[in-house]
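Just so you know, all these numbers are worked out from the coordinates, no wet-lab data involved. Because the structure is a prediction, the values reported are computed rather than measured. Heads up, the Cβs are rebuilt from the backbone with ideal geometry, glycines too, and the neighbour counts pull from every protein chain shown.
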Amino acid sequence: MKQPILEITNLHAGVEGKQILKGVNLRITEGEVHAIMGPNGSGKSTLAAILAGREGYSITEGQIHYYGKDLLEMSPEARAREGVFLAFQYPVEIPGVNTTYFLKAAVNEVRKHNGLSEYDAMEFLNLVKEKMKILHLPEDFLKRPVNAGFSGGEKKRNEIFQMVVLDPKLAILDETDSGLDIDALKVVSAGVNKLKRQDNAQLVITHYQRLLDYIIPDFVHVLFNGEIVRTGGKELALELEERGYDWILKEELQTA
Amino acid sequence: MTTATETIEGFVKSEYKYGFFTDIESDSAPPGLNEDIVQFISTKKNEPEFLLEWRLKAYRHWLKMEEPKWPKVSYPKIDFQKIVYYSAPKRKGDGPKSLDEVDPKLLETYEKLGIPLRERGRLAGVAVDAVFDSVSVATTFKGTLAAKGVIFCSFSEAVHEHPDLIKKYLGSVVPYTDNFYAALNSAVFSDGSFCFIPKGVRCPMELSTYFRINAANTGQFERTLIVAEESSHVSYLEGCTAPMRDENQLHAAVVELVALDNAEIKYSTVQNWYPGDEEGRGGIYNFVTKRGLCKGRKSKISWTQVETGSAITWKYPSVVLQGENSTGEFYSVAVTNNYQQADTGTKMVHVGKNTRSTIISKGISAKHGQNSYRGLVKIQKGATGSRNFSQCDSLLIGNKCGAHTFPYIEVKNTSSSVEHEATTSKIGEDQIFYCNSRGIETQDAVNMIVNGFCKEVFKELPMEFAVEAQKLLGVSLEGSVG
Ligand SMILES: Nc1ncnc2c1ncn2[C@@H]1O[C@H](COP(=O)(O)OP(=O)(O)O)[C@@H](O)[C@H]1O
Ligand SMILES: [Mg+2]
């Protein structure tokens with residue numbers, strides 16, 4: 001029996017009195033890939049940030065369960081250690097902290113949490129070497145400070161690299177495709193697809209259909225003005241590509 | 001492969017852990033300062049006439065001086081008549097001849113501070129001179145060092161055993177007329193360390209002095225003098241702690257370094273005087289004059305400091321580059337958390353031809369901390385072909401703290417070059433959240449970022465102390481976020 005990983009029920013959330021999410025419902029089960037699409041400003045990044053535990057949002061209604069646990073009660077680091085991973089839309093630069101050190105600390109936090117021994121430098125290097133190749137990362141990459149001075153594409157590849165190394169249960173990708181050329185897009189998608197298994201899930205947030213040529217979703221949801229207004233299969237993405245978002249909005253208005 | 005930040009995992013989570021007081025009988029002067037007190041100190045130490053005269057001259061000069069007002073620090077006026085200028089743990093006869101004669105309470109105190117005075121254990125490769133309030137209580141490894149001709153002893157002992165060297169070098173780099181606190185120190189200094197490395201000798205171990213203020217209302221005024229003869233080499237480290245008290249205490253030290261031809265002195269400080277509490281009550285006023293003279297050709301003096309303690313820090317370890325082709329370096333990490341204030345930096349005075357200096361300063365401010373870098377690079381007319389590179393970086397944690405940079409540059413010839421770079425950055429919520437979202441706790445994230453920021457300085461510290469310094473930094477910044 002497949003277990004549900006994430007269950008969002010009637011989520012209302014906002015920032016500084018501004019309502020952004022207005023009743024989101026979403027259920028993700030093991031082995032599934034979900035895509036969330038929607039125009040700019042519809043609340044996609046807000047949803048991702050709330051899932052990862054960023055402060056500053058007020059949840060006015062609704063619940064989120066992760067493997068049956070109340071996700072909103074967990075600190076962001078506890079979520080990460082239990083397998084939630086967010087690939088940021090705008091990854092942050094951390095000058096002075098080298099990528100090896102950073103990622104090794106992250107991996108060891110997860111291992112500690114799972115009662116496993118921490119990796120030493122050698123074990124860690126062995127773990128990451130192969131994965132660097134998958135993402136076509138240059139040799140010196142690990143020695144550079146986290147994201148500092150990286151190009152937009154490098155930052156995105158670094159996010160997916162971290163994801164592949166951390167092997168999360170629930171991977172959330174926030175517009176990982178934006179700013180990538182077609183070759184980089186293929187590389188990144190290959191990384192994401194490598195991760196796909198029957199006991200984990202992916203939530204892919206994107207503005208364009210393009211990414212979904214490479215990462216094939218089981219479900220596509222359209223988030224509009226803080227609500228999921230439509231859910232369908234992968235063909236919904238194509239339809240959106242052809243017709244834009246307006247037709248959905250019109251249909252919504254008619255049925256309302 | 002271990003990176004500079006890799007040891008952070010072992011960070012201790014605790015408050016100022018050196019804040020205890022040792023209940024030991026002491027021999028003190030009454031509070032206040034006058035010629036009698038100066039005389040009292042000199043008599044206590046059974047000093048030769050020349051030294052008493054020098055002290056009295058310094059005292060008379062001090063009376064004519066005013067406290068400096070230019071540092072960017074503020075504190076209530078110090079009443080110099082309320083301070084006790086001499087306090088020493090009581091001892092029988094002439095003082096201990098060996099460690100076995102040292103009061104066990106003192107040995108225990110240093111043990112608790114993590115500075116075992118037994119010549120084995122963790123610091124087996126480091127010779128220690130332990131200064132407790134006004135006097136040196138023990139110096140380790142004297143025998144091993146003497147075999148190489150290295151003199152490492154308390155200042156008082158040096159005055160008796162090597163008066164010629166003291167006469168020759170005392171005040172030769174920092175004259176008593178130099179500044180208000182140097183003059184005060186010259187009048188009332190009670191002890192400190194003396195090191196002499198003879199020609200051609202590479203000192204076989206790290207030398208270090210550990211300063212401890214224990215008694216209440218006592219000022220600590222110590223002097224350190226290091227002389228490195230031709231082609232010799234020494235690495236020296238000082239550490240400092242004090243009990244937690246609501247009153248402020250004054251520490252006004254003078255350090256003089258002299259490097260002859262081809263000699264190298266590496267001087268490292270890990271300063272962790274009691275910084276005061278979260279409301280800014282108590283803490284040490286650390287008003288210190290440190291200067292090195294690169295007297296010989298191709299000599300080198302390098303200052304590395306990690307300043308995490310003290311309520312107020314006011315110090316500018318400097319190098320006078322007199323010898324041709326000599327080199328001066330200054331590497332500094334200064335932390336101000338809660339209500340701490342630091343006005344620190346360096347002076348590089350280029351006198352000789354083709355002299356080089358490097359300044360790397362890292363200031364970290366959190367809570368209400370105020371951190372100023374103040375540096376002077378002076379290239380004199382005759383110092384042709386000289387070069388300086390300065391880099392001053394500030395890191396802010398939170399919105400209430402401040403960082404300030406005051407670089408002064410004077411270049412008097414056209415063949416020299418001076419380069420100055422400065423940056424200010426802030427640990428942002430975004431960076432912390434990014435770390436959190438990778439399973440890393442906020443305090444660990446701060447430590448990681450701070451250690452990354454200080455890497456260039458930490459790598460200059462002797463190995464044993466680099467790890468200590470990192471831990472200390474973590475403890476000092478405990479609770480600085482959120
Ligand atoms: N911290 C914030 N403060 C104020 N408004 C915000 C904040 N974050 C997001 N918003 C607003 O909420 C809406 C949704 O933003 P976002 O979740 O980033 O959308 P998307 O990722 O779908 O483009 C936008 O109108 C945006 O301006
Ligand atoms: Mg977005």
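How many nm separate the modelled label positions at A:Met1 and A:Arg27, each set 7 Å beyond the Cα in the direction of the Cβ?
1.3
Based only on other Cβ atoms within 10 Å, what is the fewest-to-most ordering of B:His251, B:His350, A:His136, A:His34?
A:His136, A:His34, B:His251, B:His350
Please compute the modelled spin-label separation between A:Ala148 and B:Lys381, points set 7 Å along Cα→Cβ, answer in nm with one decimal.
Going by the 7 Å Cα→Cβ label model, 4.3 nm.
Which of the residue pairs B:Lys57/B:Lys315; B:Lys142/B:Lys199; A:Lys69/A:Lys234 have a Cα-Cα distance greater than 20 Å in the structure shown?
From B:Lys57/B:Lys315; B:Lys142/B:Lys199; A:Lys69/A:Lys234, over 20 Å: B:Lys57/B:Lys315; A:Lys69/A:Lys234.
Excluding residues on the same chain fewer than 8 positions from B:Lys412, give the lysines whose Cα lies under 25 Å from its Cα.
Filter leaves B:Lys290, B:Lys295, B:Lys298, B:Lys300, B:Lys347, B:Lys353, B:Lys378, B:Lys381.
Scattering from the C-alpha atoms of segment A:65-112 alone, worked out with Debye: what is log10 I(q)/I(0) at q = 0.18, 0.25 1/Å?
-0.70, -1.05
If the viscosity is 1.306 mPa s and the temperature 10 °C, what Stokes-Einstein diffusion coefficient in µm²/s follows for segment A:4-255 when Rh is the Kirkwood radius over Cα pairs? Each step should come with its number before you reach the end.
Values: Rh = 18.8 Å.
The Stokes-Einstein estimate is 84 µm²/s.
Let me know the volume per residue of the alpha-carbon convex hull for chain B, in Å³.
141
Check cross-link reach from B:Lys455 to the lysines: straight Cα distance under 20 Å, and skip same-chain residues fewer than eight apart.
Result set, ordered by chain and number: A:Lys104, A:Lys143, B:Lys266, B:Lys362, B:Lys426, B:Lys471.
Over the Cα atoms of the protein assembly as shown, what is the Rg over Rh ratio if Rh follows Kirkwood?
Rg/Rh: 1.08.
Amide H of B:Leu237: which non-local residues (sequence gap of 5 or more, or other chain) have their own amide H closer than 5 Å, using H built in the peptide plane?
Amide H neighbours of B:Leu237, under 5 Å, 5+ apart: B:Leu207, B:Ser208, B:Thr209, B:Ser268.
Grab the alpha carbons of segment B:332-428, take their convex hull, and tell me the volume per residue in Å³.
On the way: hull volume 6.6 nm³, N = 97.
Expressed per residue, the convex hull around the Cα atoms of segment B:332-428 is 68 Å³.
Could you calculate the FRET efficiency of B:Ala146 with B:Arg60 from 1/(1 + (r/R0)^6), where r is the beta carbon distance between them and R0 is 22 Å, rounded to 0.05?
Working: r = 38 Å, r/R0 = 1.73.
Efficiency for this residue pair is about 0.05.
Evaluate the Debye formula for segment A:151-256 with equal point scatterers sitting on the alpha carbons, no solvent, and hand back log10 of I(q)/I(0) at q = 0.22, 0.23 Å⁻¹, in q order, two decimals.
Taking Cα atoms of segment A:151-256 as identical point scatterers yields -1.21, -1.28.
Loop sites only, by DSSP: take the GluC sites (Glu not before Pro) in chain B that have at most 10 other C-beta atoms within 10 Å and name the longest stretch containing none of them.
Maximal segment without exposed cleavage sites: B:280-482.
Among B:Met65, B:Met448, A:Met37, which comes first, second and so on when ranked by fewest other beta-carbon atoms within 10 Å?
Ascending number of Cβ neighbours within 10 Å: B:Met65, B:Met448, A:Met37.
Do the sum for the protein assembly as shown: with -39,500 (n - 2.57) for every DSSP H run of n ≥ 4, divided by all residues, what is the mean residue ellipticity at 222 nm, to the nearest 500 deg cm²/dmol?
On the way: 18 runs with 193 residues, N = 738.
Here the helix-only value at 222 nm equals -8000 deg cm²/dmol.
Would you mind pulling out the separation of the Cα centroids of segment A:54-90 and segment B:283-311, in Å?
The distance from the Cα centre of segment A:54-90 to that of segment B:283-311 comes to 49 Å.
In segment B:4-476, what % of DSSP beta bridges are antiparallel (nearest 5)?
DSSP beta bridges in segment B:4-476 are roughly 10 percent antiparallel.
If each residue's Cβ is checked for other Cβ atoms within 10 Å, how do B:Leu145, A:Leu180, B:Leu51 rank with the fewest at the top?
With the sparsest Cβ surroundings first, the list reads B:Leu51, A:Leu180, B:Leu145.
List the relative contact order of chain B as a percent without decimals, with contacts defined as Cα pairs under 8 Å and 6+ residues apart.
In percent, rounded to a whole number, it is 12.
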